[in-house]
Amino acid sequence: MSNFEWPKFGRNKKTPKETTPEWVFELEKQFAEDTAKFKAHINKLKDELNKINVGIKSTNEILKSSNALMASATERMASANAQMASANAQMASARECIASCSTKIESAGLKKKLALKEMNEIQTKINKTKAYREETDKYWNDLINKEIEKQCTSRQDRCSNIITLNSSMKRLNNNNDHNHKHTQTKKNKKKLS
């Protein structure tokens with residue numbers, strides 16, 4: 001910032017005091033007072049601007065941290081989805097095995113028992129995978145919420161928008177899970193029929 005020099009009004013040294021009108025001194029005094037008020041207002045605005053800049057930096061740090069946490073959570077979600085897909089593939093394989101066993105009368109009972117046992121084990125894996133996914137979701141959501149609350153204690157107005165966005169994402173995820181379960185139920189009914 002350049003060093004600005006306000007113009008200085010003063011008496012002309014060459015002008016005798018008795019020839020300077022009184023209103024010049026009053027104007028000079030008023031100008032000095034107005035200048036002081038203006039400088040004080042400028043300094044106040046500078047302080048407010050600095051506070052705003054600090055708030056913006058803090059918000060950017062929160063967003064970076066939240067994005068990093070979200071990326072990590074997305075990776076773990078992808079891993080959980082891969083495990084679910086693998087379990088579904090094993091379930092499909094077990095069903096094919098049961099269909100093949102039905103054509104072999106002598107060994108049908110034994111093969112059916114083995115296939116059912118395998119299906120139960122796969123279902124156990126599916127249940128464990130679902131529990132793992134729910135636990136992962138809860139862990140990362142709790143961690144994100146704690147980080148947001150910790151970073152936003154003095155920025156309630158900004159944080160309310162972030163928390164509302166987080167809640168909307170949860171509702172959207174819940175709706176997606178519900179729609180997925182509803183579609184899966186329809187598919188299962190068609191298979192049974």
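Just so it is clear, none of the values below were taken in a lab; they were calculated from the coordinates. The structure presented is a predicted model; accordingly, all values stated were derived computationally and were not measured. Using ideal geometry, Cβ is built from the backbone for each residue, glycine included, and neighbour counts are taken over all protein chains shown.
Once phi is turned into θ = phi - 60°, what whole-Hz ³J(HN,Hα) does the Karplus curve with 6.51, -1.76 and 1.60 give for every residue of segment 31-38, x standing for Gly and Pro?
Per residue, the Karplus-derived 3J(HN,Hα) values read 4, 4, 5, 4, 5, 5, 5, 5 Hz.
Give the order of 124, 129 when sorted by the count of other beta carbons within 10 angstrom, beginning with the fewest.
By the 10 Å Cβ count, ascending: 124, 129.
Across segment 57-64, in residue order, what do the Karplus-derived ³J(HN,Hα) couplings come to in whole Hz, using 6.51 cos²θ - 1.76 cosθ + 1.60 with θ = phi - 60° and x for Gly and Pro?
4, 4, 5, 4, 5, 4, 5, 4
For segment 126-136, what does the Karplus curve 6.51 cos²θ - 1.76 cosθ + 1.60, with θ = phi - 60°, yield as ³J(HN,Hα) per residue in whole Hz, taken in order and with x for Gly and Pro?
Those phi angles translate into 4, 4, 5, 5, 4, 4, 4, 5, 4, 5, 5 Hz.
Restricting things to Cα coordinates, could you compute the convex hull volume per residue of segment 24-146 in Å³?
Values: hull volume 10.3 nm³, N = 123.
Roughly 84 Å³ of hull volume per residue.
Step through the table entries 37/64; 150/170; 128/170, compare each Cα-Cα distance with 30 Å, and write down the pairs that go over it. Please report the intermediate quantities before stating the final value.
Details: 37/64 41 Å; 150/170 20 Å; 128/170 22 Å.
Violating the 30 Å limit, Cα to Cα: 37/64.
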